[in-house]
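Here is the structure we will look at, set down as structure tokens.
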Amino acid sequence: QNLKPGDMVEFMASAGRFVIEGNANEKELVFVATGSGISTVKSMIEDLLIDKQDTRPMWLHWGLRHAEDIFWFDDLARLAEEHSNFTFDLVLSQPPEEWKLCRGRVTDCVVKHHESFATMGAYLCGNRQMIEDVQKLLIEKGTPGEQIHYEKYY
């Protein structure tokens, strides 16, 4: 918050094992990220689309607060252009008035864009509240618990 260039910071690297599970029941993959949680799921998506040439339908719902917070938009849009099975959904919780994409919480947009939840593999990365909210929503909609994978940060 009050950092200046050159200030020392400490952080903890990922300590978990958050990978695509390879569950045969996961016919569609849905990635939900908030904030910097995008770094993890972006790598997973690129690996699936580019390296493994996975053809399953894939969605990314990435939630941020403000338009000024957006980064990697061009990279993700290019992936969507190059891979017809990938859809990128940028969600702003506090969008400018002229914002034409999804607005609100990522849970709102997951419900808006998906109808079949039973064969969905969900990969969630972000703040604890988002993970809990999306996990609850998916279970209520019929996604089996073993098909919901997450890495939360605090």
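The values are calculated or read from the model by the stated rules, or taken from the named source; none is laboratory data. None of the values given here were measured: they were computed from a predicted structure. No Cβ is skipped: glycine too gets one built from the backbone with ideal geometry, and neighbour counts run over all protein chains shown. Just so you know, the surface numbers come from the protein's heavy atoms only, side chains and all, with ligands and any DNA or RNA stripped out. Shrake-Rupley method; radii C 1.70, N 1.55, O 1.52, S 1.80 Å.
Computed quantities for the displayed model
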read-out	value
Accessible carbon and sulfur surface of the chain relative to its total accessible area, %, 1.4 Å	49 percent
Where no second cysteine Cβ lies under 4.7 Å, the cysteines concerned in the chain	Cys125
Projected-area average for segment 1-98 over all orientations - Cα convex hull basis, square nanometres	8.8 nm²
Residue with peak Gaussian network fluctuation, the chain [Cα springs, cutoff 10 Å], from His83, His61, His113	His113
Residue order for Tyr123, Tyr150 - accessible surface, 1.4 angstrom probe, largest first	Tyr150, Tyr123
Helix 73-82 vs. the chain, principal-axis angle (Cα, 0 to 90°, nearest 10)	20 degrees
Solvent-accessible area per residue for the chain (1.4 angstrom probe, square angstrom)	60 Å²
Spatial extent of segment 28-146: Rg and Dmax, with the Cα atoms as the point set, Å	13.6, 39
Most fluctuating residue given options Glu97, Glu82, Glu26, as computed from a GNM of the chain linking Cα atoms under 10 Å	Glu97
Estimated FRET transfer efficiency (Arg128, Asn23; beta-carbon r; R0 25 Å; 0.05)	0.55
Separation between Cα centres of segment 1-70 and segment 117-154, rounded to whole Å	14 Å
Between helix 128-141 and the chain: long-axis angle, C-alpha atoms, 0 to 90°, nearest 10	20 degrees
Compactness relative to 2.2 N^0.38 Å, alpha carbon Rg of segment 80-130	1.30
